[in-house]
Structures are given as C-alpha cells and as structure tokens.
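Remarks on the structure that follows.
The values are calculated or read from the model by the stated rules, or taken from the named source; none is laboratory data. In this text, all values refer to a predicted model and were calculated from it rather than measured experimentally. Positions of Cβ are backbone-derived with ideal geometry, glycine not excepted, and every protein chain shown enters the neighbour counts. Heads up: the accessible areas ignore ligands, DNA and RNA and are worked out on the full protein's heavy atoms, side chains in. Shrake-Rupley method; radii C 1.70, N 1.55, O 1.52, S 1.80 Å.
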Amino acid sequence: MTTSLRVNGREVPVEAPGDKPLLWVLREDLGLTGTKFGCGVGVCRACTVLVDGEAVLACVAPLSAVAGAAVTTIEGLGAGGVPDPVQQAWIEADVPQCGYCQPGMILAAKALLARDPAPTTEALVEGLPNICRCGTYDRIRAALRSLTAKAARS
Amino acid sequence: VSASRRDLLRGLCAASLLVGLDARAAVRTGAEAVRFSPFIEVAPDGAIVFRIGQAEMGQGIMTGLAMLLAEELDADWARVTVAFATGPEFKHPIAYAQPPLKGEQLTGGSLSTTAFAPPLRAAGAAAREVLKSAAAARWGCAAGELSTRDSVVSHPGRGLALAYGDLVAEARRLPAPADAPLKPRSAWTRIGRATARLDTPAKVRGAAAYGIDAAVPGMLHGAVRHAPVFGSRALAVEAEAARRIPGVLAVVPFDDPGQQAGVVVVADSWWRAQQGADALEVRWSPTPRDRLDTAAIEAELAERLATGPAVAFATTGDPQAAFAGAARILEADHHAPYLAHACLEPMNATAWVRDGRCDLWVGTQRPDHERAEVARVLGIAPEAVEVHMAYLGGGFGRRGSADYSVVAALASRAAGAPVKVIWSRQEDLRHDHFRPAMAVRQRAALGPDGRLLAWTTRVAGPGIWRQNRPVLVADGIDYMAVEGLGESYRVPHQSVAWAETEPHARIGFWRGVGASHNVAFTEAFVDELAEAASADPIAYRLGLLEGDPRAQAVLRRVAAMCGWQGTRTARGGRGVAFYQSRRWQTRVAQVVEVERADGRLRATRVWCAVDSGVIVNPAQAEAQLQGATLFGLSAGLWGEVGFEGGTPEPTSFADYRVLQLGDAPPVEVAFIEGGEGFGSIGEIGAPAAPAALLNAAWAATGRRIRRLPLARSGLA
C-alpha cells in the first residue's frame, strides 16, 4: 500500500506495509541511514526523529501512525549547507566519539528547544535520556549550556 | 584472482570508500596525485589524503594519526582528508606481530598511537624531504637551505616559495630518503595542540557511513537467532510460520562448532526478517551448560580460589617466609561478573558471496581476521575476501571477532544475493564475546606497624587468549587473565597465580581486558591495606610508590584537582584508585565522589590525572578518559550479564543499564607529560574507575563491597 509522507520538506510516496516501523521505512525504503537502529524497543533512542516537530522514536512508530505528517531526520536539519544551531553547538563542543547516537541526541535536543525556547540546562539534561555508550556526556552538557546561553541572550 | 584484477578491485574499493564514508564531502586526489608512501598522497591542487588502516570507533584515531603525519609533513591541515585503507602495508607493527603470529591489520590494545607514531612520523618526514629536494632542484640550491610550513616550501634567504601541489610532478621522480630527520619537539606545531575531530561534521549531519549503513544493489536483509546456550545447535527448525510472513525469502540454519550456531532468516526488509526469526520454532541440542546460572558461576570461581591447580605467573622475593613472620594477615575475595560490550551499533555485516569470492562491508577492528574467518567457513582463500571498511558505532574490543561477518557470509551464500545481517539488541547482548566473570583472592602479610610485607594473588577464571588465540598462552599463563595483578606497586615479596576455568560462553576483549577486573580488585584491596595501616588512601599509595616519581605525580595531581581532604564528605564519600600499566606505558589516578540518595549511591564527580607521555591530541585524549571512565563506572554500578538455564539474560538497555546524561558524573581530566614516549589512552580510564567507586562506597556506607556491580548489594 502507498503511504504519503512529508520527509525533510519533500512529499514522498512510500510503498510499504502500514505496520512497518518508520525507522526501517527511512533506512530501507528512503535510504536515509542517518537515523540509527540501536535497540528496536524504544529504550536507547538512537532512532529519534521529529514528527511535526515532536521527538518520536522511529523504531516503534508504525508508518501508518505518521501518514501525512512532516518527518524531519538528521539529513533534513540545517539549510543550504549551514548546520542547524543544535548541530553547530555539537560541532563547536566537538561532541561525537563513535557518533552513532548523535543524530538521535541532536534531534531530541532540537525538539526540547522547539517546545521551550529558553530552557535551563537542567531541563535539557532531564529531557535527554538517549544512551551514548562512548560517554560523551561532558561535551553534550557543554553543547547544551551554549544553546541555553544563546537562548537566554536572544 | 590475478594481480591486476586485485589491484583494480582495490582501487575501486578505495574510491568507493572515499565517497562512502561521507557522501557529501567526497574527496579524490585524481590520477596526477603522488603517492609518497602507503600513507600519504598529495595532488597537484594541494589536496592531501592520508590513508590509515586503523579503525575509527570513536577514539579519534583518524584525527590523531593524521596529526602525526601532518606534523612531520608540515601539511596544510585545512587540505587534509583521511581515507580508511586495507592491505599488508597497514599491518599493526606491534600487536600480534611477534612470531609465530604473522601480524595483521588490527585496532586494539590501545596501541594505535604508540605503534604508528614511528612509521607515520618517518613517512611524513620522508615526504617533506622529497618535496624540499624537488624545490631545491628547481631553485638550484641545497635542500638544507629550505624550510617548510603549511604545505609550502620556502627559501627564506631568497624569498622564494612553492606550494607542495606545484612540486608533486618533480617529486614523483625523486627517491624517498631512508632516514629523513624528525622535527625536534620544540618545533612541533600540531602534536599537542587540541584539535577538532575530522569526522565530527559528517557525524552531526548523519552523513558518516557505519557498517550498518552499507547499501549494495539487490541487497536482502537478514535477522539472526542464535542457539540460546553456548555450544548448542539447531536439531530441528520448524519454519512454516516464518515462511508465511510476507517478504521472508530464506531460512538458513548454520553451525560453526565452537564458535556459534543458529538460524538466519532472510527477507526483503530487516523488520520482516526479524519477525521471521521470532516466528521460528527451533529444537536446540542439549549441552552440559543447560542448567548453568549466575550462582553456579560464582560458586565455581569461589571454589577455584581455594582448590585445584594454579599456574604461577610472577613471584618476587619469598612470600611464604614473609607470611610466616607476619604480625597480621589480611585476606579478601572479590568477584566480577560477565559483561557485555553493548556497542550502540548492534553487530552487523553485509556480505556478497559470488564467483568464488566474497565482498564484506563491515565496521571492524580486525579486517584480516574477518577475511580469514569468512574464508574458513566458505572454503575459499582469504585473498578472495575483500573487506570494505566503515565507521564503527562503538567497538570496545567487540568488533574484532568476525562472528557477525561469518553469519552474513553464510546467509549470502544461501540466498545467492548480497545480504545485510543485523543482530537485534537482544542477540547482540546475549551472544557477545563477553568480558569473563573472574574472581580474585588476595592475601597481605603486614608488619607490626601495619606495613605491607608481602602480597599474594590468585585469580580464577577463563583465559581470553586460550579461547581466541591459544598460541599466545605461554608457560600455561594467559596474560589476559593476570594483567593488572602485581603490576602497579613494587612489593618486596609478591606472587600472582592463575587458576584456569572453562569459559561458560564466548569470551573476548572488553575495554581494559584483564585489568578491567583485576585492577578493580587490587585497588579495592589497597584501600583495605591503607585502613589496616590507619593511613589516608592517597598517602598510603604514595608510600607504596616511593621512588616512582611519575606514579606519585598523578596521585598528587588528582588530590590537588579534587581538593582531597580524606574519604569522608558530608553527603557521601570519595574513593581513589591508581593503576600503572607496562603494556600501555601509562599511569592513571582517579577519584570518584558518591552521594547517598534513597539508600543508594550516585556518582557525582570524577577526577582523573594521567601520565601517558606525549599527548598527540589533548582534546581527544580528554574525551577518551571521560568516556572510558564512564564505561568503567557503568560496569561498576550495574554491569552484569547473568545466566539462567545456560542462557545469558539481558534483553535490552532496559535490563542492561548504562549511564545516561542525567546520571553521568562530570569527569575532569588532567595530563602530565612525564616522558617522551607515546603511551596509550583509549582504555586507561576504564580499569581503575570501578575500584574508585567501591572505595567511595566504603567511605559513604562503611561497607566493603567485594562483588561487582554495586547494584548487587542494593547500592546502585
């Protein structure tokens, strides 16, 4: 069956069963491999994407549940070669080690900032239970601090 | 395969790699580029490609090795890109290089910088001298009159300058000098400077290609279901329900005795393949381990601490006599459990078996081993297996085992198509090559003043080399079992012995390897020795390290960093641990601070001081210390793979807990460059961290916890 999705600003028809998880639709049907498989049961959050601006765990979200919605993956952040402010903060803090969790981490942070444009660093920390096995948390905190500081100035 | 065809394939592989690693920033040096060595290529437009054989699994090695090359080459850093390469030129100079082993391309043992600093610096210097010779020939002067900087050769006296790219045509025809001089340390401009990772931009764009991201035309997808108990295999597979799932194409039982056995389901989507694997009904063969559980493992190791044979590893002085004259004897038994690596990218590989050969797309620490293992099960020559390197979504020692590649190759051969096999998280956790469970009995003979006279250690557990590299077991000793014992301190009378046991599952190298359990035990015991001597734990260690100024310096530094005033704090406690490793040429001291909350302990701060000699990239060395410290702390708090009915128990991160942002303590790191060697960095934060945690737990609760993890005692 065909489901219509809006992915990274583009309408895409997807030929896949309605119960196929969005994660595998993105990775297998659309070739958007920036969204990562980590556990498949919604625990590690490596698969986090934005659906209508909200953070969604793509590994447990069936395609039918996001039909017609606007999906943003890591490939859709930033514009014209300019990184999104969250990506820029991640670059400035040189956060990644293996990097596998970082797309999900960045999109989860993006959703938090969209909901509350001037959050405290503590609120961001609370809202990011995504697992990083390399232990980049010190630098994630540094990136979040710079984002909250910028938000407070603007 | 003819030489020309292999070269062609290799060329194709290299080209696809450059594109594949970061599709949006493809780099090519083109036909006019000059290859100065296996590691260095310079193009007429000034683009520089460094080829490295080391796997990038998060440790920042592609940046660090590029810095070593760029330093001696005097390269313009902005024009540098790095490509992953395979081939005999990229064999590890140290690890597995001693006879009877023949060497292999390998990333492990925290030895990439130590091993590759000499050849890469030499290669950089040789290329620099060739470029200078080319300029000297053009200007009719001596090369010694010239200087280099940022990819430019200049003649300061005559005001001449030429970019490296403009010299490659002439440089192509010049021989490389055999012993180009290395720059003196005072002239370094790159080594030691905090440098941003080269892979960060691609990684934050989602453009970095990991093994799991491989895309091969016509590729199918496989999910695996391993035999639940190590040593078991499928006797009968009822696949009717699996085959009824739309998209399921093949059901492939496999049995690689002594390694792994199970069934792969191949489908047009991984999601369907996993549904198929779940739907299989399999009758598994019985094994002697079918009633094995966590308590039995503990009991077996405890028994081997007291009885049965043990092989002496190292003895100094006369411990027996020292014990006979002791005023007091301390004894403690410690136990550490099986642990999983839990890389965030689950095990996976993509294989395409055809025409008597096999292409493999895999994130691996040991490409030559993958080739050998896949060749073995397919019955082809290792040269007929081509490994296409990718980024690793975590490695920690796990991605050198080749079992994931073997499964993919068998699935591809059966399906007659390229197949990407991804392990579910449960498969990844349950069919790991685990850090083995180990137990240690330590005894100390004390003088009347509490002074340490003698220290004996007996470690019980299986040998990782015995299972994976038996040729390395020398005189009955598997160094992986005893590493970290009797190593940090010089004690006049000391002995270490190993009581070998049979492994209960596949075991392997886990960040810190033998030191990951042994240092946790020894450093917890040293705190008991300090208590017996009524001494402060840092002051006590400084006393043991009399005459070892580099070791003392890291302890003094960590004490200064945390404002050490003893172990007690208002809301919890602090613990210290120290480790120095010969293999890693390093010394590390860590302090962990814990606080009590609702009857449990929470790690709130960590301080690390390290002397590993020269630090190539302080920014990444810091990140490695932070990451490895948290890796060790996760294990110390919660890490345990329990067994029930012979089957490992974890199913996901929900029951294999690791630190998350909200509970990860900040880790402050300082480096002392106490020597000129390039020591190790990647693992050194891991082994002592659980010991510092145990010692902090004692300070906070008064309880000596001797069984890892803390969660077993209800404290985490």
From the Cα centre of the range B:582-626 to that of the range B:67-97, the distance in Å is 28 Å
Convex hull around the C-alpha positions of the range B:310-408: the volume in Å³ per residue is 175 Å³
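Restricting the count to DSSP beta bridges whose residues both fall in the protein assembly as shown, what percent are antiparallel, rounded to a multiple of 5?
The answer is about 75 percent antiparallel.
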Which residues qualify? For B:Ala161, with a placed amide H closer than 5 Å and at least 5 residues away or on another chain, they are B:His155
Rounded to the nearest 5, the percent of DSSP beta bridges in chain B running antiparallel is 75 percent
The correct pair for the range B:493-647, radius of gyration to one decimal and Dmax as a whole number, both in Å and from Cα atoms, is 17.1, 52
Across B:649-662, the residue-averaged tally of Cβ atoms belonging to other chains within 10 Å stands at 5
When chain A is treated as a Gaussian network with springs between alpha carbons less than 10 Å apart, the largest mean-square fluctuation among A:Gly40, A:Gly80, A:Gly135 is found at A:Gly80
Its Cα gyration tensor gives the range B:466-533 an equivalent ellipsoid whose semi-axes in whole Å, largest first, are 26, 14, 10
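Once the convex hull of the alpha carbons of the range B:367-426 is built, what does its volume come to per residue, in cubic angstrom?
Numbers: hull volume 5.9 nm³, N = 60.
Hull volume normalised by residue count: 99 Å³.
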From the Cα centre of the range B:201-216 to that of the range B:349-424, the distance in Å is 18 Å
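Take the alpha carbon atoms of the range B:188-232, find their radius of gyration, then divide it by 2.2 N^0.38 Å using N residues; give the quotient. Each step should come with its number before you reach the end.
Details: Rg = 19.8 Å, N = 45, 2.2 N^0.38 = 9.3 Å.
Expressed relative to 2.2 N^0.38 Å, the Cα Rg reads 2.12.
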Filtered hits (lysines, Cα-Cα < 23 Å from B:Lys420, offset >= 8 within chain) -> A:Lys20, A:Lys36, B:Lys203
Candidate cut points under trypsin sites (Lys or Arg not before Pro) in the range B:150-247, DSSP loop plus at most 13 other Cβ atoms within 10 Å of their own Cβ, are B:Arg158, B:Arg173
Computed over chain A: longest principal axis from alpha-carbon atoms vs helix A:102-115 long axis, angle to nearest 10 degrees, is 80 degrees
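What translational diffusion coefficient, to the nearest whole µm²/s, does the range B:211-283 have by Stokes-Einstein, given a Kirkwood radius computed over alpha-carbon pairs, a temperature of 37 °C and 0.692 mPa s viscosity?
Working: Rh = 12.6 Å.
Calculated translational D: 262 µm²/s.
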Debye calc, one equal point scatterer per Cα of the protein assembly as shown, no solvent, log10 I(q)/I(0) at q = 0.05, 0.09 1/Å comes to -0.28, -0.93
So the pair-distance distribution of the range B:638-706, from every Cα-Cα distance in 5 Å bins, comes to percents of 3, 10, 13, 18, 18, 16, 11, 7, 3, 1, 0
With Cα coordinates, the longest principal axis of chain A makes an angle with the long axis of helix A:137-153, in degrees rounded to 10, of 80 degrees
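With +1 assigned to the C-beta of every Lys and Arg and -1 to the C-beta of every Asp and Glu, and no other charges, what is the dipole magnitude of the range A:23-154 about the Cα centre in debye, to the nearest 20?
Numbers: 11 positive and 12 negative charges, 53 e Å.
Using Cβ point charges on Lys, Arg, Asp and Glu, the range A:23-154 gives about 260 debye.
Rank these by accessible area, largest first, 1.4 Å probe: B:Glu528, B:Glu71, B:Glu502, B:Glu298.
B:Glu502, B:Glu298, B:Glu528, B:Glu71
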Per its Cα gyration tensor (rounded if a/c is under 1.5, else prolate when a/b beats b/c, else oblate), the range B:585-672 is best filed as prolate
Scalar couplings 3J(HN,Hα) for the range B:563-580 by Karplus 6.51 cos²θ - 1.76 cosθ + 1.60 (θ = phi - 60°), nearest whole Hz, x for Gly and Pro, are x, 4, 9, x, 8, 7, 10, 4, 10, x, x, 10, x, 10, 8, 9, 8, 10
Sorted by chain and then number, the residues having a modelled amide H within less than 5 Å of the amide H of B:Leu106, at least 5 places away or on another chain, are B:His92
Taking N as the residue count of the range B:170-299, its alpha carbon Rg divided by 2.2 N^0.38 Å gives 1.86
Quick P(r) readout (chain B; Cα-Cα; 20 Å bins; whole %) gives 17, 47, 30, 6, 0
In cubic angstrom per residue, the convex hull of the range A:1-112 built on its Cα atoms measures 94 Å³
Reduced to Cα centres, the span from the range B:472-486 to the range A:24-67 in Å works out to 45 Å
